[in-house]
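Okay, structure first, notes after.
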Amino acid sequence: MHEYSIVDSLLQIVEEHAQKQGAKKVVKIELKIGVLSGVEPDLLLRAFELFREGTLAQTAQLIIHNQPVIIKCNRCGKESNLGDKPRYLCPNCNSSDIQVIDGEEMYLTSLELEIEEENST
């Protein structure tokens, strides 16, 4: 299950960023996961629940936005959303000469931190 290694890497990145910002905890993590990324959102959530203990993200909310497949047709030039169960033809002209332009990657899109307040004495 490669979701474990993905969560491990994600938590390392989140911890690094939180520490650089002087955060005392991570409140929320938002991800965009493409349908074609090979990442199973449910498994990723379960792995996150297991691995977040003892990190700055141990009480963080993980929000996942599923990204459908977006294509650009090389024949007619139209961009189209193919949804979650794509049929690899341009819905405008029915051409199979298409290019996938979104829906293959996973991105960390947002990180909400609780920053430690400095004492002003």
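We did not get these values from a lab; they are worked out from the coordinates using the rules stated. None of these values were measured; they are calculated from a predicted model. Positions of Cβ are backbone-derived with ideal geometry, glycine not excepted, and every protein chain shown enters the neighbour counts.
Pairwise inverse Cα distances across the chain, averaged and inverted, put the Kirkwood hydrodynamic radius at 16.3 Å.
Between beta-carbons, use under 14 Å as the cut-off and find the net charge around residue 92, counting Lys and Arg +1, Asp and Glu -1.
So the surrounding residues net to +2.
Cross-link partners of residue 25 among aspartates and glutamates, defined as those whose alpha carbon lies under 20 angstrom from its own and excluding same-chain residues fewer than eight positions apart: 8, 15, 16, 49, 53, 112, 114, 116, 117, 118. Taking other residues whose beta carbon is less than 12 angstrom from the beta carbon of residue 79, and scoring Lys, Arg as +1 and Asp, Glu as -1, yields +1. The Cβ shell under 12 Å around residue 25 holds other residues with a net charge of -1, Lys and Arg each +1, Asp and Glu each -1.
Beta bridges assigned by DSSP with both partners in the chain are antiparallel in approximately 70 percent of cases.
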